[in-house]
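For reference, the structure discussed in these notes is given below.
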Amino acid sequence: MAKPIKTLTLITLSHLVNDWYSLLIPPAIPILKFAYHLSYIQSGVLVSTPYVVSAILQTYIAYLAEKKAKRVLALKLGFLILSLSFILFYFSNSFLLMVLAALLIGVGLSIYHPQGMGLLANVFKNQKGMALGVNGIGGAIGFFLAPVSMGYLLSKFGLKAFLLVAIPGFLMVIILMLCKQEEKPLDIVLKHVFSKELLIVGFVAMVSPFFSRGISAFLPAYFYNKGQNILDANLMASVMLLAGIIAQPIGGKLSDKFGRKEVIFASYTLMAVFLILFLFFPNLILLFLLGFATSVSIPVRHALAAEVGGKSMNANIAVSYTMVMVGASIAPILIGFLIDNFGFNIAFGINSIIAISGALLLFFVKPKQQNLTISSN
């Protein structure tokens, strides 16, 4: 197996497991809410806490990992922390202890994206969109499998499911020993990573996770509230996430050909359109199309960040992904508050305004000249 393909395979598998972990709490919200008498805003706090921690830590972790040439080691530590944190989450018997466990989950989730995508951006210099799009398949499968697998485990084992989900993380620590990617220390200064253009891209990048996490965090509860059992509610919610498996590689490839901004603009506009249609005519076809429109821009925003920033691709992506985590952390708390007070439709509907705002913000992004030639994430 050629070294670049081996790297792409291992990083894509890592992406699958990491993003699977990032969505394991939302499927359990109906059961956690009943068992611990939680409100939707408290449920939103449990979902948001890991993203808040990730937003705070990942730029500095990426900076250290790249400066010390320890990206693969960082990936191993991330999965070890994730496994241990979900074991701790199971043994938490109060809302406060669950929040503390969620903080540790956030530490684990703060590691993968800058390291994994930074490795791919360095290996596939002229095909970043393609590589990050293929890598996105792993993340999309992880997103899709989270409600499906967790819904099944919860229906069979109840909250003991949080013990069982620790196993894949331990396995990833072993599998990543196969990753022998050569790394060289990079002489960078943290403050030089930040730039006006990169921060604007970060604000654009916030839109997609705010939109998707604000909806996907409560979709199982939405369907459960309509009378579905816990397994069926999660299976129906997974339809939105299923679309990402085909959307991300398509988005990455299109952005190599037509431009990053153009693909993101189309994605955000269609997100608003399909969300409005779903709220008026709720069905699984529109939910799938909504998921496709949401997912198609995911690899593109990372490629855009890598190109807009300086020489440190890890840190460029980390800054962008910090903003991604900010969006992902705000949304569940805000949407949970709105559901408590106004119901699901109004709470979900606010996302259409966010999507259009993000599309308009793209007009302020002036990336450096992109190399769209395919020569070889």
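The values are calculated or read from the model by the stated rules, or taken from the named source; none is laboratory data. Note that this is a predicted model, so its numbers are computed, not measured. Positions of Cβ are backbone-derived with ideal geometry, glycine not excepted, and every protein chain shown enters the neighbour counts. The accessibility values were calculated without ligands, DNA or RNA, using every heavy atom of the protein model including side chains. Shrake-Rupley method; radii C 1.70, N 1.55, O 1.52, S 1.80 Å.
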Task: the range 39-81-the range 139-171 distance, computed between alpha-carbon centres (Å) - done: 20 Å
TODO: Could you go through the range 159-171 in sequence order and give the Karplus-derived ³J(HN,Hα) for each residue, using 6.51 cos²θ - 1.76 cosθ + 1.60 with θ = phi - 60°, rounded to whole Hz, and x for Gly and Pro?
DONE: 6, 5, 4, 5, 6, 5, 6, 6, 4, x, x, 4, 5
TODO: Kindly write out, for the range 241-256 in residue order, the coupling ³J(HN,Hα) from the Karplus curve 6.51 cos²θ - 1.76 cosθ + 1.60 (θ = phi - 60°), rounded to whole Hz, with x marking Gly and Pro.
DONE: 7, 4, 4, x, 4, 9, 5, 5, x, 5, x, x, 5, 4, 5, 5
Task: If the convex hull is drawn through the Cα atoms of the range 190-368, its volume per residue in Å³ - done: 113 Å³
Open item on the list: Treating only the Cβ of Lys, Arg, Asp and Glu as charged (+1, +1, -1, -1), what charge dipole size does the chain show about its Cα centre? Round to the nearest 20 debye.
Closed with: 800 debye
Task: Which of Ile29, Phe274, Ser212, positive extreme of dipole for the chain (C-beta unit charges) - done: Ser212
TODO: Per DSSP H run of n ≥ 4, the term is -39500 (n - 2.57); total these for the chain, divide by its residue number, and report the mean residue ellipticity at 222 nm rounded to 500 deg cm²/dmol.
DONE: -26000 deg cm²/dmol
Task: Residues with amide H under 5 Å from that of Ala69, placed H, sequence gap 5 or more - done: Leu186
Open item on the list: From the phi angles alone, apply the Karplus equation (6.51, -1.76, 1.60; θ = phi - 60°) to the range 131-140 and give each ³J(HN,Hα) in whole Hz, x where the residue is Gly or Pro.
Closed with: 5, 5, x, 4, 4, x, 4, x, x, 5
Task: Ordering of 41-49, 151-159 by packing [mean C-beta count within 10 Å, highest first] - done: 41-49, 151-159
Task: Pairwise Cα inverse-distance average, inverted: Kirkwood Rh of the chain (Å) - done: 20.2 Å
- [ ] Would you mind working out the accessible area per residue for the chain, using a 1.4 Å probe, and quoting it in Å²?
- [x] 39 Å²
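Can you give me the % of accessible surface on the chain that is carbon or sulfur? Probe 1.4 Å, all protein chains present, nothing else counted. Mind dumping the intermediate values first?
Details: 10710 of 14740 Å².
Carbon and sulfur together cover 73 percent of it.
Taking every pair of Cα atoms in the range 1-183, average 1/r, invert it to obtain the Kirkwood radius, and report Rg/Rh to two decimals.
Answer for the range 1-183: 0.99.
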Task: Computed FRET value (nearest 0.05) for Lys68 with Glu262, which takes r as the C-beta separation and R₀ as 51 Å - done: 0.85
